[in-house]
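First up is the structure itself, then whatever we jot down about it.
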Amino acid sequence: NTILNTAEAFINKYCKENNINKNFYDLKDWGFKSIDRNIKVREFLKYIEDEEFFNDVRYYDDFLRFYIRNADKFIFNFITIGTKRNLEMKKHFILSTLPTIKNVKYIGFEHDNTKDSVDMSDGIQIDDKYENLNTNAKIKILQKNYIDTDYNKVNDIREDLYIMQNWKQIGESIEFIDKHRDIYFKDN
């Protein structure tokens, strides 16, 4: 849900199929209980492992604009968590649909792994889940997507954490940081 609207695509489809009048902005929790208190995790997993899944998923528009402007300038490491089948499909989708795949690396972890095993010491990490931001990245950006949930709740004040709503804000901030990298990345 950081570069792709995964949760929104799932919620739209699930609510349509189950005649529920809710949308992405009603999401308050990691397990979708705020959408339907009877929902089972296996329903979400079944959806994200279906071949039709990526017909419903889209990149966030502002992410694509940022990516296109900066594909030659930055290295993009897409670090994601999912099931084995979902990770294979996600990798294929990303590598086959980005306008260019210069400077792109894809790292997929199954659910029992965490992102802090990746060395991010010379980079900026962006994630929509607060607990995933426990890495060694110098700058961490929590992407809220205009919702407040149990998984994007900020539990402490941190000097290395920036909270942003969308890719327009994120892109502008990264481009600002890049212009002033001597301040933000003093040790490199």
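The values are calculated or read from the model by the stated rules, or taken from the named source; none is laboratory data. Computed from a prediction, not measured in an experiment: that's the story for all the values here. Heads up, the Cβs are rebuilt from the backbone with ideal geometry, glycines too, and the neighbour counts pull from every protein chain shown. For the accessible areas, the whole protein counts, side chains as well, though only heavy atoms, and no ligand, DNA or RNA atoms are used. Shrake-Rupley method; radii C 1.70, N 1.55, O 1.52, S 1.80 Å.
For the Cα trace of the chain, dividing Rg by the Kirkwood Rh returns an Rg/Rh value of 0.96. Projecting the Cα positions of 39, 92, 133 onto the charge dipole of the chain (unit charges on Cβ atoms of Lys, Arg, Asp and Glu, taken about the Cα centre) puts 92 furthest along the positive direction.
Of the cross-linked pairs 46/84; 40/115; 84/129; 40/140; 91/179, those separated by over 23 Å at the C-alpha level are 40/115; 40/140; 91/179.
With the Cα gyration tensor of segment 88-139 giving a ≥ b ≥ c as the square roots of its eigenvalues, does the rule (a/c under 1.5 for rounded; else a/b larger than b/c for prolate; else oblate) give rounded, prolate or oblate? Oblate, since a/c reaches 1.5 and b/c is not below a/b.
A 1.4 Å probe run over the protein chains yields, for the chain, 59 Å² of accessible area per residue, whole-number rounding. Protection proxy ranking, highest mean first, for peptides 125-133, 68-76: 125-133, 68-76, where packing is the per-residue count of other beta-carbon atoms within 10 Å, averaged. Calculated on C-alpha atoms, the gyration radius of segment 137-188 divided by its Kirkwood radius gives an Rg/Rh of 1.01. Spin-label model, residue 93 to residue 122: label points 7 Å out along the Cα-to-beta-carbon direction sit 3.1 nm apart. Protection proxy ranking, highest mean first, for peptides 173-183, 51-61: 51-61, 173-183, where packing is the per-residue count of other beta-carbon atoms within 10 Å, averaged.
Give the shape of segment 60-154 as rounded, prolate or oblate, defined through the alpha-carbon gyration tensor: a ≥ b ≥ c are the square roots of its eigenvalues, a/c under 1.5 means rounded, and otherwise the shape is prolate if a/b is larger than b/c and oblate if not. Verdict is rounded for segment 60-154. The magnitude of the dipole of the chain, with charges of +1 and -1 set on the Cβ of Lys/Arg and Asp/Glu and taken from the Cα centre, is near 220 debye.
Beta bridges assigned by DSSP with both partners in the chain are antiparallel in approximately 5 percent of cases.
With the simple model of a label 7 Å out from the Cα in the direction of the Cβ, residue 70 to residue 52 spans 3.6 nm.
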